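For reference, the structure discussed in these notes is given below.
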Amino acid sequence: MKKLLFLTLTLCFIQTGFAQSLYDINTIQDIRIVFAQSNWDALLDAQAATTEDYIPAVSVTINGTTFYNVGVKYKGNSTYNPNQTKNPFHIELDTYVNQDYQGYTDIKLSNVAKDPSFLREVLSYSILRQYMHAPLSNYANVYVNGNLMGLYVSSESISKKFVDKHFYSNTNAFFKCNPIGGAGPGGNSFPNLAYLGTNAASYSSSYEMNSLSGWDDLINLTNTLNNNIANIETILDVDRALWMLAFDNALVNLDSYLGTFKQNYYLYKDNNGRFNPVVWDLNMSFGVFSQTGTIALNTTTLKKQMTHLLHNADAAWPLVQKLLGVPKYKRMYLAHYSTIMNENFANGTYATQAQALQSLVSSAVQSDPYKFYSFAQFQSNINTDVTGGMDNAPGITNLMNGRTTYLAGLADFTNTKPVISNVGPVVADPILNTDAYIHATVTNTNANGVYLGYRSNIELPFTKVLMYDDGTHNDGAAGDNVYGAALNMSNIYMQYYIYAENNNVGKFSPERAEHEFYTLHAGYPTINPGDLVINEIMAQNTSTVTDPFGDYADWIELYNTTNTTLSLDNLFMSDSNTNLIKWRFPDGITMAPHSYLIVWADQDLTQEGLHADFKLSSTGESVYLSYANGTLIESLNYGMQTADMGYARVPNGTGNFVIQGPTFNANNEALGTSSQDWASFIKIYPNPSSNFISIRSDLVNINSVSVYNLQGQRLLEQNPVAQRTVELNIQSLANGIYFVEINKAIKIKIIKN
């Protein structure tokens, strides 16, 4: 439960610009924290040493957008130290007030204490996101009370918002797999997924539960992994686990499941009953951490030549030992490993990206007053080893070029691989609820070695079936290396991939499967772009209109611009350009000519009616209408929104968007002149004032004036009749900041002195 400290309303003038993307990898963010106390550092240290609770900051400003009453604390284990100036921060925007920045509430800022290059975390996450769900990551200059603390790495929090975005739920079993209190020498409680019996207390020191329940689920996972590996796919996303293991090994990321402490990953159980691993904390990737738990890799040469099968025979690492002990899983692992190496290191793309990131942050690193390494070490560590202390940092290209050469000479990577080509459906745009055949040409495989993986929904696991080269599965002639298999077109789209293997190694098509896949679309009629538009939104509804259940929810208004009835069958709405098929309209929804339709953006799918599976951010984001085949009907990009104000097309259905009083489920021109236009001809003077203020409108009549304090309480009200100038007596108000609401639409800040 959030703690209620006190509520401050953020007042702002109407804005039409778009907020800078919080995790744009090509932009350094600007984050400014203001504490009321001059001893803020001591207060944060005291909390870190005791309760680990947040302390309130007066404000946090992110790229010019200010939030008041924000929770801040120090975070980290090995990177936090009360005796150093630059410590890592965890900012929680909604500790005391319900607020977010572009939908994000938790900002995790790492102090780059272990990485001379400043590249490891951002570069590693960028590579990893090609193959599995992983946090976004970039850079931020951080200031406290006006003083620059330095350049930080900002990585997306693996929170309930993260798992909801990627795994489509957030109430199931959820674990942070790090020892409670932090890992360290001499500890023996590690989240290695060993089976420790049925008592939850045996696991509680190694795993941090982030859900209301889940110990039985975790115990079942460890029992299945260790004692019933044949059923592991029912409880673990094995493909995603293999990607994680291949990634950690390839990048010599040993402060992970592969290292001494078997840590720095999360597990979330989706609605299909499978745990999904998520990698976390990559500041020591590319060989900074040296301890494997069995041997110490104390030189860069040893790290270059670390075995790609590390721990495959070690019972203390059952996720490696048990999975790679299954021949098919080992061949899948080798396929994923080869993909990572070929797509990033063999072709040198990682070095190009590293150089681009180094150029981006170079001046910020040079200006960092509390960085842990010299600017010369920053410049050199992209290529040259930086030694000193416990953590020697290999030059990134020195390590990975040597590692790429070493691995390329091993039999597991020189063995002949299957070749997959000409993948596709026999019939394009098949009819719904009929069998659709997929075929592919495959060579260098073995008997029973070609599989089709398919699913009817992105939230479901893939079903794997054998493909045949027997002439009876729409595969051409028997023995012609063309394989075929059928899937039932039970949805308007089906997602699929091909996997082939021989006795040594596997191959996927597309190579990033199951994270990437092919899509087959059924044929169906679509709405033409422009016929259906997003007509108005409200992204911060606190008091205007409620949904049928009495909740003040965000809403999106659609408008049929045509003279015909439109069917919304097969249409999707989303707030993510990477997942356009986030929420599907129920079948049978139609819109009469020139009619309106309201969709509540509240993520409350348990309520009847049209409730989308996402919320709108008041600081700006995007909304899309599209079909599964990629046809985009409408898109809206919006910036900072004002509470209880609509963002509407004027003229209705066709015009540009303006901020104005809401016209819920009605013509947007009902208000006449938009409030964005009013701002240019309404004058308030004098401001600040100690007694009277005058409000003058040069164009529209003033029919109502109200004054509110920062707590949202109405203190004064006047209702003039069609006047252009109104005088307001504010002598009774205490000195401070207020806002005036004119015609129940536009809000303007005033100061009483």
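The values are calculated or read from the model by the stated rules, or taken from the named source; none is laboratory data. Everything quoted here is computed from the prediction, not taken from an experiment. Cβ sites come from the backbone with ideal geometry, for glycine too, and all protein chains shown count toward neighbours. What goes into the accessible areas is simple: the full protein's heavy atoms, side chains included, and nothing from ligands, DNA or RNA. Shrake-Rupley method; radii C 1.70, N 1.55, O 1.52, S 1.80 Å.
Tabulated data for the structure shown
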{"quantity": "Check on Asn83, within 28 Å of Val288 (Cβ to Cβ), out of contact with any Lys or Arg (no Cβ under 9 Å at 6 or more places or on another chain) and in a loop (DSSP other than H, G, I, E, B)", "calculated": "yes"}
{"quantity": "Residue match in segment 270-292 (condition: under 30 Å from Trp215 (Cβ atoms), at pLDDT 95 or above and of a type in the set (Ser, Thr, Tyr))", "calculated": "yes"}
{"quantity": "Residue ID - surrounded by the most Cβ atoms within 10 Å (Cβ to Cβ), chosen from residues in segment 441-471 that are part of a loop (DSSP other than H, G, I, E, B) and among the polar types (S, T, N, Q)", "calculated": "Thr445"}
{"quantity": "Contacts under 9 angstrom Cβ, first residue in segment 408-436 being closer than 30 Å to Tyr493 by Cβ, partner among the aromatic types (Phe, Trp, Tyr) and assigned to a loop (DSSP other than H, G, I, E, B), 6 or more apart", "calculated": "Asp429/Tyr524; Leu432/Tyr524"}
{"quantity": "Single condition Asp644 does not satisfy, out of (1) in contact with a His (Cβ under 7 Å, 6 or more places away or on another chain); (2) acidic (Asp, Glu); (3) touching a residue at least 60 places away in the same chain (Cβ under 8 Å)", "calculated": "(1)"}
{"quantity": "Candidates Thr654, Thr562, Thr642 - the one that is crowded, with 19+ Cβ neighbours inside 10 Å and assigned to a loop (DSSP other than H, G, I, E, B)", "calculated": "Thr642"}
{"quantity": "In segment 425-440, residue most open to solvent (accessible area, probe 1.4 Å) [restricted to those that are assigned to a strand (DSSP E or B) and out of contact with any Phe, Trp or Tyr (no Cβ under 8 Å at 6 or more places or on another chain)]", "calculated": "Asp435"}
{"quantity": "Hits in segment 539-559 (condition: under 25 Å from the mean Cα position of the chain (by Cα), part of a loop (DSSP other than H, G, I, E, B) and either within 15 Å of Leu610 (Cβ to Cβ) or among the acidic types (Asp, Glu) (or both))", "calculated": "Ala553"}
{"quantity": "Qualifying residues in segment 237-262 (those that are over 21 Å from the mean Cα position of the chain (by Cα) and open to solvent by 10 Å² or more (accessible area, probe 1.4 Å)) - the one nearest to Gly287 (Cα to Cα)", "calculated": "Asp255"}
{"quantity": "All positions within segment 86-114 that are part of a loop (DSSP other than H, G, I, E, B) and in contact with an Asp or Glu (Cβ under 7 Å, 6 or more places away or on another chain)", "calculated": "Leu93, Asp94, Asp100, Gln102, Gly103, Thr105, Lys114"}
{"quantity": "Residue check for Glu536: open to solvent by less than 30 Å² (accessible area, probe 1.4 Å), assigned to a strand (DSSP E or B), in contact with a strand residue (DSSP E or B) (Cβ under 8 Å, 6 or more places away or on another chain) and not hydrophobic (A, V, I, L, M, F, W, C)", "calculated": "yes"}
{"quantity": "Tally of residues being in a loop (DSSP other than H, G, I, E, B) and either open to solvent by less than 30 Å² (accessible area, probe 1.4 Å) or touching a His at 6+ places or on another chain (Cβ under 8 Å) (or both) across segment 347-390", "calculated": "4"}
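Let's see how each residue does on (1) assigned to a helix (DSSP H, G or I); (2) open to solvent by less than 20 Å² (accessible area, probe 1.4 Å); (3) more than 22 Å from Val658 (Cβ to Cβ); (4) modelled with pLDDT of 80 or more:
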site	(1), (2), (3), (4)
Ile693	no, yes, yes, yes
Arg696	no, no, no, yes
Val700	no, no, no, no
Val707	no, yes, yes, yes
Glu717	no, no, yes, yes
Pro720	no, yes, yes, yes
Val726	no, yes, yes, yes
Ile737	no, no, yes, no
Val740	no, yes, no, yes
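Residue-by-condition table, conditions (1) more than 18 Å from the chain's Cα centre (by Cα); (2) in contact (Cβ under 8 Å) with a residue 60 or more places away in the chain; (3) under 28 Å from Ser363 (Cα atoms):
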{"site": "Phe35", "(1), (2), (3)": "yes, yes, yes"}
{"site": "Glu52", "(1), (2), (3)": "yes, no, no"}
{"site": "Ile62", "(1), (2), (3)": "no, no, yes"}
{"site": "Met132", "(1), (2), (3)": "no, yes, no"}
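Rundown of residues vs (1) in a loop (DSSP other than H, G, I, E, B); (2) open to solvent by 10 Å² or more (accessible area, probe 1.4 Å); (3) closer than 12 Å to Asn210 by Cα, yes/no style:
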site	(1), (2), (3)
Val153	no, no, no
Asp164	no, yes, no
Thr171	yes, yes, yes
Lys176	no, yes, yes
Asn192	yes, yes, no
